[in-house]
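Down below is the structure, laid out as structure tokens.
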Amino acid sequence: MKSYFISGASRGIGMELCKQLLNRGDRVIAGCRTPFKEGFLSNLQKTCSHLEIVQLDVNNEQSVTDCFEELERKSITIDRLFNNAGVIDWRNLHEVSADSFSQVLQTNLRGAFLVLRHALACLRPSSDAWIYNMSSRLGSIELRGNTQLGGAIAYECSKAGLNMLTKQAAIDLAENGIKVVSLSPGWVKTEMGGAEAKYSVEDSVGKILDITDHLTLQQNGRFWGEDGKEIPW
């Protein structure tokens with residue numbers, strides 16, 4: 001049994017990760033902005049001893065600090081961290097507001113950085129720690145212009161920045177034995193992805209877990225798609 005921490009666990013991919021991991025017997029710590037709100041996870045927690053729901057707002061550094069300091073006080077070790085919390089603005093370069101651009105970067109990049117850094121105290125005791133930064137093909141600089149997708153300029157920039165965080169963190173944390181990769185879940189039918197997306201959330205998460213279960217040290221510090229193929233930066 002592995003111990004997983006998932007940010008942005010109250011909906012979409014985050015919630016489905018919780019479901020599938022708990023169903024197979026892993027321990028899950030679910031980070032949610034409003035952990036006491038009634039819903040699937042709060043109801044599940046009443047009967048599932050392997051689920052813990054914690055307050056986590058990735059846009060608030062004090063919230064992130066408090067979350068992981070409390071886990072450290074409880075001597076909780078994290079084996080796998082899904083840096084999943086994120087937002088999107090689909091508007092293009094000419095339409096997106098500066099405020100929205102800043103907000104997307106704050107959540108998707110700054111928020112991921114805060115979670116990664118403050119989680120280290122709980123990751124270091126693990127004998128096989130991995131950080132999975134949930135990125136997107138829209139964050140691939142090389143692929144821009146080579147696919148039909150695009151236009152979400154703030155989101156694209158935030159995920160490109162997240163990919164750099166992955167690459168550098170994999171280098172900086174190697175001495176601690178902590179591995180870091182970027183993952184693209186594909187285009188998923190969530191509130192963020194929309195109804196026309198390619199994958200159901202169940203299918204996407206199943207593919208993600210199949211990949212993460214089989215990653216090796218040689219695949220550390222790289223960018224992987226839901227199809228198991230490496231994505232260029």
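The values are calculated or read from the model by the stated rules, or taken from the named source; none is laboratory data. Keep in mind that what you see is a predicted model, and the values were worked out from it rather than measured. Cβ coordinates were reconstructed from backbone atoms using ideal geometry, including for glycine residues, and neighbour counts include every protein chain displayed.
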Listed residues Gly145, Gly194, Gly221, Gly186; which is at pLDDT 95 or above, out of contact with any Leu (no Cβ under 7 Å at 6 or more places or on another chain) and in a loop (DSSP other than H, G, I, E, B)?
-> Gly221
Residues of region 1-38 satisfying the condition of being of a type outside the set (Val, Ile, Thr), under 13 Å from the mean Cα position of the chain (by Cα) and outside any loop (DSSP other than H, G, I, E, B) = Tyr4, Phe5, Ser7, Gly12, Gly14, Met15, Glu16, Leu17, Cys18, Ala30, Gly31, Cys32
Hey, can you tell me all the residues within region 101-141 that are part of a helix (DSSP H, G or I), in contact with a Lys or Arg (Cβ under 7 Å, 6 or more places away or on another chain) and among the small types (Gly, Ala, Ser)?
-> Gly139
In this structure, does Ser102 turn out to be out of contact with any Asp or Glu (no Cβ under 9 Å at 6 or more places or on another chain), closer than 27 Å to Gly186 by Cα, of a type in the set (Ser, Thr, Tyr) and surrounded by fewer than 20 Cβ atoms within 10 Å (Cβ to Cβ)?
-> yes
Looking at (1) at pLDDT below 95; (2) surrounded by 18 or more Cβ atoms within 10 Å (Cβ to Cβ); (3) under 21 Å from Gln20 (Cα atoms), find the lone condition where Asp227 falls short.
-> (2)
Please find, among Gly25, Gly31, the residue that is surrounded by 23 or more Cβ atoms within 10 Å (Cβ to Cβ) and under 20 Å from Ala129 (Cβ atoms).
-> Gly31
Can you tell me which residue within region 45-60, out of those that are in contact (Cβ under 8 Å) with a residue 24 or more places away in the chain and more than 17 Å from the chain's Cα centre (by Cα), is surrounded by the fewest Cβ atoms within 10 Å (Cβ to Cβ)?
-> Cys48
